[in-house]
Amino acid sequence: MLFRNLNLLLLLILNSESSHGFTASPPPSILSTQQRRTTVSTLSASVATDDDTKKKDDKMKYLKFQRDAIAKKDNYLRGAGVFKDVKNDVTEDMAQQFDSELMNEMKKNPNYMLEKDGIEFYLAKDHGFCWGVERSINLAYSAVETFPDNKLHITNELIHNPLVNKKLHDKNVNFIAKDENNNKDFSQIEDGDVVMLPAFGATLDEMKLLDEKGVKVVDTTCPWVSKVWNTVHKHQVKGLTSVIHGKYAHEETMATKSMCETYLCVKNLEEAEYLADFILNAKPGDGRAEKFMEKFAKACSPDFDPHRDLLKIGLANQTTMYKKETRAIGQLLQKTIMKKFGPDLINEHYFEFDTICDATQVRQDAIDELCDMHLSDDGPTLDFILVVGGFDSSNTAHLLEIPQMRGVRSYHINQADCISAENTIRHRNVKGDIVEGETLLLPKEPGSKLRIGVTSGASTPDKEVQDALGRIMMLNNLRENGELKA
């Protein structure tokens, strides 16, 4: 059948050639077997080339593959193996800068408890630097060591921790300037420069711009963030709008939005309930779409149409959000879609994949355990819980929410000097406000012990926690000696 169809095709070609004055080849019926095979191979190769080109064009319409194409280039450096020559030295340098003898001593004791200077400290079993943060710092420090003669830039803070970012400043890394609308000035990047992407990742437009400049890029993006990008890619393939549980102006969420074709960001359960109500009850022409767009104007993709774009949705999230709230939002949206379209069509209209990172989950579970300590037999009642981490750190802010919701006295500080010699504390509350001058150590019965729960965000070095606890021990010693006014 193949040869018969091929003969007819060749006959048409030969007739066409004859009509244009070309010398006709032998008719297909007398072509040799070898000639036929050669012709079949040539035509198949031509068709295959056309198919490959079409497949490549179709593939590149997906944002993920545009990102992958950039990341495969020789000037794009990522992964643990790219700086293997300096990695061990950098790891040792990080240990000297960030490790804590006090914290290590706590970890050796049962229940992570240590009594020191009249205080019982109870350390959360999971706290501090996560693997992704350590990886990002190691890559950034390694880049500095590997390219000593190049000018180094970073597109944002590496992580949300003032100490770590200060150390990069001290290493002469240039932080790309940005205005109040988060627009960045990339004009300062020149040929031969090296540009680092932070742990939160970078937007696709930023990656494309750096690719056009042809500079070396060191990508320190946390793999858990990349996992979210793979999830929203699945949404695009399925024709879904990505509903992102996250803060639309947060660096990580901005990067994730750029990997979506159509998206909507909801920052909490309250906004998700507003979204669910719209899906169930809004009708074209009732004016609710205009109100919806007013509310989410900065949190949705360009040309967003809530009547059109909320018929099929997929859930993703900023990796550092409060996991219980993300799960509650997922359950709400799933029930909403089932009620709207029926349980038989749920898979056509809704897709969910958990993208809360493991480090976030275990740190939230660990502070939950601190809050429950008094419930066990002979369990201690904590005077307060100290949460240490950057004020702009989302995962740290969510750690504070847990004891606050449980009615446990708790404080979020970003560095040790938030605790003053006058027994006051400067801290961030759950609303995001900075509170000044609040008394830290309250009066206690003579002979009673001070019991403090301790935890820290995923971007917080143990050394910072130690420095803060040192200040508390100093205040308690002053109080024990009657030298501190409470």
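Its residue count N fixes a reference of 2.2 N^0.38 Å for the chain, and the Cα radius of gyration divided by that reference is 1.29.
Split the accessible area of the range 72-134 by element, probe 1.4 Å, and carbon with sulfur accounts for 43%. With viscosity 0.692 mPa s and temperature 37 °C, the Kirkwood radius over alpha carbon pairs of the range 340-486 converts through Stokes-Einstein to a diffusion coefficient of 192 µm²/s. Only helices enter the 222 nm calculation for the chain: every DSSP H run of n ≥ 4 contributes -39,500 (n - 2.57), and dividing by all residues gives -15000 deg cm²/dmol, rounded to 500.
Stretched out straight at 0.36 nm per residue, the stretch from PHE186 to MET113 would grow longer than its current Cα-Cα span by 21.4 nm.
For the range 185-240, applying the loop criterion from DSSP together with a ceiling of 16 other beta carbons within 10 Å to the chymotrypsin sites (Phe, Trp or Tyr not before Pro) yields no site. With all protein chains in place and a 1.4 Å probe, the accessible surface of the range 430-476 carries 50 percent carbon and sulfur. In the context of the full set of protein chains, the chain has a per residue accessible area of 50 Å² (1.4 Å probe). Here the gap between VAL435 and PHE341, fully extended at 0.36 nm per residue and compared with their Cα-Cα distance, gives a gain of 29.1 nm. Placing dummy labels 7 Å off each Cα toward the beta-carbon, the span from GLU120 to ASN104 is 2.7 nm. Could you name the lysines in cross-link range of LYS449, using Cα to Cα under 28 Å and dropping any fewer than eight places away on the same chain? Candidates past the 8-residue exclusion: LYS107, LYS108, LYS116, LYS125, LYS463, LYS485.
Considering only protein heavy atoms and a probe of 1.4 Å, how much of the accessible area of the range 172-268 is carbon and sulfur, as a whole percent? That fraction is 44 percent.
Sorted largest first, the principal axis extents computed over the alpha-carbon atoms of the range 87-165 equal 51, 24, 21 Å. So for the range 167-291, considering every pair of alpha-carbon atoms, how many percent are separated by more than 25 Å? More than 25 Å apart: 39 percent of the Cα pairs in the range 167-291. Dipole size of the chain about its Cα centre, with +1 on Lys/Arg Cβ and -1 on Asp/Glu Cβ: approximately 1800 debye, rounded to the nearest 20.
Going by the alpha-carbon gyration tensor, a ≥ b ≥ c the square roots of its eigenvalues, is the range 380-422 rounded (a/c under 1.5) or, if a/c is not under 1.5, prolate (a/b greater than b/c) versus oblate? Oblate. Span-like helix check, the chain: qualifying full DSSP H segments, with Cα axial length of 20 Å or more and mean Kyte-Doolittle of 0.5 or more, are 2-19. Loop-located GluC sites (Glu not before Pro) in the range 133-232 (DSSP state other than H, G, I, E, B) with a sparse environment of at most 14 neighbouring Cβ atoms within 10 Å: GLU180, GLU190.
The values are calculated or read from the model by the stated rules, or taken from the named source; none is laboratory data. Because the structure is predicted, anything quoted here is derived from the model rather than measured. Ideal geometry is used to build each Cβ from the backbone, glycine not excepted, and the neighbour counts take in all protein chains shown. Accessible surface areas use protein heavy atoms only, side chains included; no ligands, DNA or RNA. Shrake-Rupley method; radii C 1.70, N 1.55, O 1.52, S 1.80 Å.
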